[in-house]
Amino acid sequence: MLLAVAVVGSRGSTFFEQLPSPATVERIPVETPQPESKEVNSAPQVSANKLLTHIQKLNFQRYTTTERSLTRTYITTELRKFGWKPKLEKFSEGVNIFAERVGTSIASGAILVAAHYDTVALSPGADDNASGVAVVLEVARLLGSRTTPRTLQLAFFDQEEAGLLGSQAFVSKAPRLQNLHGAIVMDMVGYACYTAGCQKYPAGLPLTPPSDKGDFLAVIGDTEHLPLLNAFQSSQILPSTVPNKHKSNLPPVLTLPIPFKGLLTPDTLRSDHAPFWYQGVGAVLVTDTANLRTPHYHKPSDVPATIERSFFTGAAQIVVNATTTLLEKNEILETQPPN
Ligand SMILES: [Zn+2]
């Protein structure tokens with residue numbers, strides 16, 4: 001996650017300031033019987049141990065050329081174990097990793113799941129962004145051999161912290177975007193706090209904070225592609241086969257629809273989803289809200305021990321649920337203009 005973006009008019013403010021649209025929080029009580037949903041009910045279950053192992057294996061600064069190369073070796077080795085054929089895609093300042101599992105209906109397009117793998121200097125980046133990388137790898141394991149109408153694409157971006165360079169290089173390839181129907185970008189999905197007042201909100205926030213605790217997962221999308229956000233609103237429905245004791249582990253989801261591609265809210269543009277918005281491709285950012293919540297942001301203390309296991313695992317399950325839903329549906333993901 002970037003600290004700030006170089007956008008004309010940015011006042012260096014933080015994340016949710018001056019959101020002009022209503023945001024909603026969806027809390028689904030554990031006891032409430034859930035509507036049967038074929039797509040969501042068939043979503044596979046994440047493994048907490050596998051997720052946390054990825055974060056342990058990536059417990060080093062990923063800043064220099066050598067460190068980022070080592071990181072790519074880990075990611076591509078894991079992808080090959082799951083049957084994927086990752087490709088390294090060089091650009092002037094770095095190297096992205098891309099992989100694809102083709103769907104049964106080419107016309108249905110593709111869904112991309114992505115996270116950046118680099119860190120700032122002097123931080124091992126457990127939350128920022130080994131947590132996001134771990135979730136993409138878990139999506140790769142769980143959905144790699146699944147047959148779905150839509151194509152599943154994975155990307156691991158380099159040089160996000162240097163100014164979204166990897167994602168900008170990715171979207172500069174026009175043919176790649178033609179069949180892309182939505183991007184799910186994760187940046188910092190592993191930190192939660194449960195003491196009163198631990199979650200910060202900028203003054204003048206036009207939403208009712210769900211609580212004064214940092215226990216929710218934020219999903220930020222553009223208003224031109226609301227069905228992408230809707231997939232996350234219904235993502236807390238767990239498979240009926242999952243025992244009740246696990247259901248309470250899913251964090252509440254705070255969805256934030258952002259109009260005008262974030263023009264009025266430059267602080268909603270601080271990660272790799274923003275280049276997709278600029279190209280007219282629907283994209284969501286899934287995040288724990290970064291420096292509004294964690295005291296370890298961009299610090300040497302962003303270590304695996306500070307990852308909140310239950311929140312992180314729940315966040316990963318929400319992403320797997322929403323991704324599964326989107327891969328199995330054929331609906332158009334653009335927001336339809338009113339008749
Ligand atoms: Zn960052």
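The values are calculated or read from the model by the stated rules, or taken from the named source; none is laboratory data. Bear in mind that the values here come from a model prediction, so they are computed numbers and not experimental data. With ideal geometry, Cβ positions are generated from the backbone for all residues, glycine too; neighbour counts draw on all protein chains shown. Side chains are part of the model used for accessible areas, which takes the heavy atoms of the whole protein and leaves out ligands, DNA and RNA. Shrake-Rupley method; radii C 1.70, N 1.55, O 1.52, S 1.80 Å.
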query = With every protein chain left in place, what is the accessible area per residue of segment 24-328 in square angstrom, probe 1.4 Å?
reply = 37 Å²
ask   = Per the 1.4 Å probe, what fraction of the accessible area of segment 24-328, in percent, lies on carbon and sulfur atoms?
value = 56 percent
query = Given a Förster radius of 45 Å and the C-beta distance between Cys198 and Leu70 as r, what FRET efficiency does 1/(1 + (r/R0)^6) yield to the nearest 0.05?
reply = 0.85
ask   = Stretch Thr147-Ser211 to full length: gain in nm at 0.36 nm per residue minus the Cα-Cα span?
value = 19.1 nm
inquiry  = Need one number: nm distance between label points at Ala162 and Arg309, each 7 Å from Cα along Cα→Cβ, rounded to one decimal.
reply    = 3.7 nm
inquiry  = I'd like to compare 191-201, 273-283, 104-114: which one has the highest average count of other Cβ atoms within 10 Å, and what's the full order after that?
reply    = 273-283, 104-114, 191-201
note = Inter-part gap, Cα centre of segment 266-339 to Cα centre of segment 117-181, in whole angstrom, is 11 Å
Gyration tensor verdict on segment 24-328 (Cα atoms; rounded if a/c is under 1.5, prolate if a/b is larger than b/c, oblate otherwise) = rounded
key: Positive-end residue, segment 24-328 charge dipole about Cα centroid, Cβ charges, pick of Ser108, Thr323, Leu79   = Leu79
